[in-house]
Every structure is written in C-alpha cells, then in structure tokens.
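Below is one structure, written out as structure tokens, with a few remarks after it.
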Amino acid sequence: MAVTQKSFTQQLKKYYSFYTGGFVAFVVLLAIAEQMGVPIKWIGYAFLLFTVVLYAGIGIMSRTLEVSEYYVAGRRVPALFNGMATGADWMSAASFIGMAGTLYLSGFDGLAFIMGWTGGYVLVALLLAPYLRKFGQFTIPDFLGARYGGNLPRIIGIIAAIIASFTYVVAQIYGVGLITSRFTGLEFGIGVFVGLAGILVCSFLGGMKAVTWTQVAQYIILIIAYMIPVVWLSVKHTGVPVPQLVYGTVLEKVTEREKVLTADKGEQEVRTIFADRSKAADEKLKGLPASYQAGKDELSKKVEDLKAASAPPADIDAAEKALKAYPADADAAKKAWTAEKGLAARANPPRPHATPFPGKDEKARDTARLNFIGIVFCMMIGTASLPHILMRYYTTPSVQEARVSVFWSLFFIFLLYFTAPALAVLAKYDVYTLVVGSKFSELPAWVNAWQAVDKSLLSITDINKDGIVQLAEIVIGGDLIVLATPEIAGLPYVISGMVAAGGLAAALSTADGLLLTMANALSHDLYYKIINPKASPAVRITVSKVLLLGVAIVAAYVTSLKPGNILFLVGAAFSIAASAFFPALVLGVFWKRTSKIGAVVGMLTGLGVCLYYMVHTYPVFIQWFGTTPIQKWFGLEPISAGMFGVPAGFLAMVIVSLITPAPDQATQELVDHVRYPNLEGDIDTTAT
C-alpha cells in the first residue's frame, strides 16, 4: 500500500506540474493577444471561461458513486496536496478579495484577521486534526454523535454546521457574483446564479474527491494571480521583486502622503462640507416629525415663489427636482437623514495606516483594542472549529499525514497572508498618488465600470465642485481593492483578468467545500444516520447531490439580496462555528468527564448567545429578523460575538457535565483511543 501511495503522489506531482506550466503559458498567450489589439473584454471572458471549464473537467473526471470517495476522497490525499486543497478551501473570497482591502481601510487594525487566521492553524494542529483523523469518520457531527452518544448531539451539530457554513457560503457566492458581473457585464443578481453553475459542477459529480483535486488546481491559480500584481507593483515602486520584505519604504511614502492630504485645503473643504451636512441631519432627526413637514413646506413654497416671480426655467426645474427627491414620508426621512448623519466619519482626516488604534479619545482606543483582541480570538477559535476545514483532515491516508498536512496548509496560507499587507500598502500609495489629485474630467474608464457594479464598492463624487478628486470624495469598499488594483496602477488588462480568475478560484474552492459540508451533514448525518440507516450507497450519494443543489439555490437567492460585506459574513461564520463546536470538540477529546447532556447544553448555550448578540447588533440582521437593537456589550462589534459564545459554551458544558452522570466505560475508552493518534487505525463506529 505504501508503494502504491508513493506512486500515486509522484503521479500527482507530475500532473500538476504540467497543469501549472500550461496555465502560465495561457497567461503569456493572452498577454501577447492584448498587445496585438484583442479587445480586453474577450481577455476577461477567456480567463473566466478557461478556468471554469478546467474545474468542470476535473470534476467530471473525478465523478464517483463510492461512498468513501464521495465523502473523504478515499482517504488517499497526500499531505502536500491536502495542504494545497486546504489552502484553497481556506482562501475564500474574504482572504483573496477582502483581506488586503481590510488592511487598506483599517491599516494596523486589520492585522487582527491575519493573526487570528494563521494562529488558528496552530490550534488545529495541536488540539484537533490528528485526533479527528484517528477517529476516522466523515463529518464533525459524526464525532459528536459517537463521542456523546445518541442523535441529539448529532442533530445540534448538523444545525450548527449548516448555520455557520450557510453564512460563510453566502460570502463566497457574493464574491463570485461580484467578479462575474464585473467581467461579463451581467447584472449582479444574474451573475450570482451564473457563477453558481461553476461552483456546482465541481462538487456535484464527485463530492470530496472532485472538490479536492479541483481545489489543488484552484490554489495554483489563485496564488499565481495574487502574487504577480504585487511583485509587479513592488518592482515599479521599489525596484525589488520581493514586496513582503521591502514594502516598508512605500509605507513611509504613504505616511508622508497622509500628512499632506490632512493639511490640503481642498480636502479640508470637503471634510467641512461633510461635517456640516452631518450636523444638519442630526438637527433634523431631533426635530422629527415636525422637521420633515417643515422641510417639505419650505421646498414647496420655494417652487411656488419661483414660478410666481417668473424665474428662469433652470431654477424652477432645480427646485422641482429637489422637492421630488425629498423623502416620501417621515420614516423615509429618518432613514435618509440617519445616513446623512453618518457622513461625520468622512469628515475625519485620513486614517494613519501604520498607527495602532489612532485617535485622541482614550475610551475609544480601549474599545478598539478590545475589538482587535476579539477578532483575533474569534478567528483563531473559529479556524479550529469550521466543519469544512476539519473535514479535510479526514482525507489523509494516516494520522501522521494529517499532522504533516496541517504544516503544509499553514505554509500555503502563509504565502498569501504574508503578501496581503504589502498589497494593501502598494494599492493605497497608487490611490493616494494616481487617483487623488486627478481631474474628474479625466477619470479612467475603470472608475465608471466599477461604479456600475455597486456604488458601495466605488463612488467618486465632486462634493466641492472644484473638478479635482479629493480623498474624502472617494468611497471605496475593501472588496474592490484586490480586483481593481491592476487597473488603478495602470497594469496590462491581462493582469486584471488573471486576478479575477484568482478571485473566482478562491470563491469557488471555498464555496465547493461549504456546500459539500452542508449537503453531507443533511444526507449522511441526518438522512442516513437518523432517518434511513439502511439506505444504499447510491441512494445516499443521490440524496446528497439533491440537497447540494437545493442548498446552493437558496444560498444564491440570499446572496442576491446583498446581506453584507464579504469579510463580516465570513467573520460571523467563524464566531458561530467557534461558539457551537470548539468547547464540544476540545472537551470531547481531552476531558472524559464531558457528558452528553453537558455537550448538548453547552453547544446550545454557546450558539444561542452568539446568535442573540449578532441579530441584535448587526444592522442587516436587525432589519431582516425585525429584532430590537441592543447596546453593544463592552463595545464589541457583532463579528466578535464568539467572545461571548465560546466562554458561555465552555462554562455551561463543564457545569452541566459535573452535575450529570459520567459517560459510560465504552465512551471513555473511545476518548482514550482518540487521544493517542500515534497508534494507527481508525475507530469503527459503523459510519461507513
């Protein structure tokens, strides 16, 4: 078997070496085509079509009806390739598209995500991966069902896995829709469903087997696509092709540019306008509903006075447009004026990129520090709790390979995370020098193209009517930075197309893993384990495919409603997974005294506290669920809800376990067996 596995690994290295060379050659050919005058839209189409067809081909070749192949890729995935697949599974749209954007907008504070996500893999290696591989089953609810006994822990695990994975997958499909709509011209909602077809073709036919080999291919594309623009910009600004080591010199220039923009008269004028508008909106809000009627009467009187005075038609038209644009009722006015009041944030000078927790208000700085810690905590614990990541370690041939696989996972993830801060600084320097200070009449075509996709991603408006772009006049979303940086920097369009292909690969790879996780939880853990234990392998796989399709369609519909930015949705999934799973998984491995009732109460408590905080503090969720907003506990943002859910879960689990009967002898022996991963051999809990 060892020789067969070694030969299999060598074949994989050979195949993917040819694949990498072919992709590089494809990029070179498109670069030549661009220089020869091929329309840029066809280059964008070529990238998207080529990659999706490639992934579909791998999915078709990996189709299977074998249960072990469908659920755990036959447990034959070598550590190196499982590390690449895990890297792709992990490098979601949040990492590829949103990470550098968050660093661009938040500066130092954005490092919390990098610290949390990379640190989380240390927890995976030390606390979970080898033990779960020793357990040797298919899903996380499998572990909960066998460790704690009965269907109730398994059902709670299924529910938690679906909630966390669904929140996460919405963010990935949003990224797919964003890229598809920008580079094909389709409306965002249509782009979501078109991109969904690319997601399904990878996972629908071959399950984990198809997803694994597709994710390896996707990682190769996404890391090449991420690295080339950063290296190019590094050479452009520093002359050195190692941006991770030299971007500090550009950061110094950004810091100097921040000082210039803070003192610029045009910038100060725009910031003053925003401050005045915010103050006026605040006064109107305080005077509702009388202020609404007074404003409407004033505009109506102005129109009448202009007509009575036979004023120029242009003046009358302007007054009538202002009256028509006035809110329809007091509720609409409250919404509009609340948004206007929020302009106070744009009245502030540029946020110092390299300064931790900027600001003079010590209380606000303390809150910022706490939120930084909260994000690090939730991202670390969430990383060690996400079902679609932990499932990857079921696919390795042995416990030792699972350990090595975690190392390779962290290495491949490190490549991107070590580069993201450099990309954020280089992109910011280009925006501060190439876009800020330019004329509105000379704005490049990419500005209008991105504004057409989504105004929240990019909006540039001449607030002070001087015809010059000020930084305060630019609204730029973090999800835009990576995708638009090649265009901002004036790089060849082939680089933009390649970055789009990389972003698509990142979103598709994670979406595949998440959809498969949800479908497997429903088909394997719910249908096979609880509803119909006698179902044949063919029936089980068929049920999984049907559920996969259904979940994907529902997720695409929710995504079309634009429920929030990519990074928040991903962060929310981490908090949910951490609160529901981490206490049960860790105590299930390391504390034999943990009881079934304790695990049930702990999971429900952790999940309940986390969800309660989110749906009462996150504006989109408050609107969706009609919940009553509450004061943020200790000032923590909803993305860090796991700061409350995880301790609550641990506390409830320990207390209830201590006051309820200990697990039976068989369960305690199971824990002992799982605790010693160096002893080879999977546990037979009849899950297969």
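Within the bounds of region 526-535, is there any residue that is in contact with a Leu (Cβ under 7 Å, 6 or more places away or on another chain), assigned to a helix (DSSP H, G or I) and at negative phi?
no
Which ones in region 402-444 are within 28 Å of the chain's Cα centre (by Cα), surrounded by fewer than 21 Cβ atoms within 10 Å (Cβ to Cβ) and either at pLDDT below 85 or of a type in the set (S, T, N, Q) (or both)?
Of everything in region 402-444, just one residue is within 28 Å of the chain's Cα centre (by Cα), surrounded by fewer than 21 Cβ atoms within 10 Å (Cβ to Cβ) and either at pLDDT below 85 or of a type in the set (S, T, N, Q) (or both), namely ARG403.
Among the listed residues GLN244, GLN293, which satisfies the condition of being open to solvent by 60 Å² or more (accessible area, probe 1.4 Å) and part of a helix (DSSP H, G or I)?
GLN293
Within the bounds of region 160-172, is there any residue that is aliphatic (A, V, I, L, M), over 30 Å from ILE553 (Cα atoms) and either in contact (Cβ under 8 Å) with a residue 12 or more places away in the chain or part of a helix (DSSP H, G or I) (or both)?
no
Can you tell me which of ILE97, ILE114, ILE156 is touching a Gly at 6+ places or on another chain (Cβ under 6 Å) and either modelled with pLDDT of 85 or more or open to solvent by less than 10 Å² (accessible area, probe 1.4 Å) (or both)?
Just a single option satisfies the conditions, and that option is ILE97.
Identify the residue in region 567-618 that is more than 21 Å from the chain's Cα centre (by Cα) and closer than 30 Å to GLY478 by Cβ and, among all such residues, is surrounded by the most Cβ atoms within 10 Å (Cβ to Cβ).
Here the residue is GLY606.
For region 453-473, enumerate the residues that are closer than 17 Å to GLU187 by Cα and at pLDDT 75 or above.
LEU457, LEU458 - these are the residues of region 453-473 that are closer than 17 Å to GLU187 by Cα and at pLDDT 75 or above.
Considering THR262, THR214, which residue is within 30 Å of ALA100 (Cβ to Cβ) and in contact with a Cys (Cβ under 6 Å, 6 or more places away or on another chain)?
Testing whether each residue is within 30 Å of ALA100 (Cβ to Cβ) and in contact with a Cys (Cβ under 6 Å, 6 or more places away or on another chain) leaves just THR214.
Given the criterion open to solvent by 20 Å² or more (accessible area, probe 1.4 Å), at pLDDT below 90 and not in a helix (DSSP H, G or I), identify the matching residue among LEU205, LEU288, LEU306.
LEU288
Scan region 496-520 for residues that are under 19 Å from ALA217 (Cα atoms) and of a type outside the set (Gly, Ala, Ser) and jot them down.
Residues satisfying the conditions are MET498, VAL499, LEU504, LEU508, THR510, ASP512, LEU514, LEU515, LEU516.
Evaluate the following for PHE377: is it under 30 Å from THR9 (Cα atoms), of a type outside the set (Asp, Glu) and part of a helix (DSSP H, G or I)?
In short, no.
Picking from GLY266, GLY287, GLY295, which residue would you name as being out of contact with any helix residue (DSSP H, G or I) (no Cβ under 8 Å at 6 or more places or on another chain) and at negative phi?
GLY266
Give me the pairs, please: first residue somewhere in region 435-448 and touching a residue at least 12 places away in the same chain (Cβ under 8 Å), second residue anywhere and open to solvent by 40 Å² or more (accessible area, probe 1.4 Å), beta-carbon distance under 7 Å, and either six or more positions apart or on two chains.
From residues that are touching a residue at least 12 places away in the same chain (Cβ under 8 Å), the pairs are GLY437/ILE468; LYS439/ILE468.
Restricting the search to region 547-566, which residues are crowded, with 19+ Cβ neighbours inside 10 Å, within 25 Å of ASP142 (Cα to Cα) and in contact (Cβ under 8 Å) with a residue 60 or more places away in the chain?
Scanning region 547-566 gives LEU548, VAL551, ALA552, ALA555.
Does LEU515 qualify as being within 25 Å of ALA160 (Cβ to Cβ) and open to solvent by 10 Å² or more (accessible area, probe 1.4 Å)?
No.
Tally time: how many residues in region 513-571 are of a type in the set (Ser, Thr, Tyr), touching a helix residue (DSSP H, G or I) at 6+ places or on another chain (Cβ under 8 Å) and within 30 Å of LEU457 (Cα to Cα)?
Looking only at that region, the number is 2.
Considering only region 247-265, how many residues are assigned to a helix (DSSP H, G or I), acidic (Asp, Glu) and surrounded by 14 or more Cβ atoms within 10 Å (Cβ to Cβ)?
Number of matching residues: 1.
Would you confirm whether or not region 614-623 contains a residue that is in contact with a His (Cβ under 8 Å, 6 or more places away or on another chain) and among the polar types (S, T, N, Q)?
Looking through region 614-623, none of the residues is in contact with a His (Cβ under 8 Å, 6 or more places away or on another chain) and among the polar types (S, T, N, Q).
Restricting to region 355-368, count the residues that are open to solvent by less than 50 Å² (accessible area, probe 1.4 Å) and either hydrophobic (A, V, I, L, M, F, W, C) or part of a helix (DSSP H, G or I) (or both).
Final tally of qualifying residues: 3.
In region 48-79, which residues are in a loop (DSSP other than H, G, I, E, B), modelled with pLDDT of 75 or more and open to solvent by 40 Å² or more (accessible area, probe 1.4 Å)?
GLU66, ARG76
Contact list please: Cβ distance under 6 Å, first residue in region 334-354 and farther than 30 Å from GLU252 by Cα and part of a helix (DSSP H, G or I), second residue of a type in the set (D, E, K, R) and modelled with pLDDT of 85 or more, pairs at least six apart or on different chains.
Note: pairs meeting the criteria are TRP337/LYS284; GLU340/ARG277; LYS341/ASP282.
Take residues that are over 30 Å from GLY266 (Cα atoms), touching a Ser or Thr at 6+ places or on another chain (Cβ under 8 Å) and of a type in the set (S, T, N, Q) and tell me which of the helices (runs of 4 or more DSSP H) falling wholly in region 390-454 contain 3 or more.
none
Taking interchain pairs and intrachain pairs at least six residues apart, which have beta carbon atoms under 9 angstrom, with the first residue in region 362-375 and modelled with pLDDT under 95 and of a type in the set (A, V, I, L, M) and the second open to solvent by 70 Å² or more (accessible area, probe 1.4 Å) and assigned to a helix (DSSP H, G or I)?
Taking only residues 6 or more apart or on different chains, the pairs are LEU370/PHE634; ILE375/MET115.
Among the candidates GLY571, GLY564, GLY608, single out the residue that is of a type outside the set (A, V, I, L, M, F, W, C) and at pLDDT 95 or above.
After ruling out the rest, the residue left standing is GLY608.
Test SER544 against the stated conditions and say whether it is open to solvent by 20 Å² or more (accessible area, probe 1.4 Å) and more than 30 Å from GLY598 (Cα to Cα).
Criteria not met by SER544.
Exactly one condition in (1) modelled with pLDDT under 85; (2) closer than 30 Å to THR255 by Cα; (3) touching a Lys or Arg at 6+ places or on another chain (Cβ under 6 Å) is false for ASP525; which is it?
(2)
Modelled with pLDDT of 95 or more, in a helix (DSSP H, G or I), under 26 Å from LEU561 (Cα atoms) and of a type in the set (Gly, Ala, Ser) - does that describe any residue in region 590-603?
No: region 590-603 contains no residue that is modelled with pLDDT of 95 or more, in a helix (DSSP H, G or I), under 26 Å from LEU561 (Cα atoms) and of a type in the set (Gly, Ala, Ser).
Does region 390-401 hold any residues that are among the hydroxyl-bearing types (Ser, Thr, Tyr) and buried (at least 24 other Cβ atoms within 10 Å of the Cβ), and which are they?
Scanning region 390-401 gives TYR393, TYR394, THR395, THR396.
Looking at region 266-285 only, could you name the residues that are surrounded by fewer than 13 Cβ atoms within 10 Å (Cβ to Cβ) and closer than 30 Å to VAL435 by Cα?
Hit for region 266-285 is ASP276, nothing else.
The values are calculated or read from the model by the stated rules, or taken from the named source; none is laboratory data. Treat the numbers as computed from the prediction; the structure is a model and nothing was measured. Virtual Cβ from ideal backbone geometry, glycine too; neighbours counted across all protein chains shown. Side chains included, ligands, DNA and RNA excluded: accessible areas come from the protein's heavy atoms. Shrake-Rupley method; radii C 1.70, N 1.55, O 1.52, S 1.80 Å.
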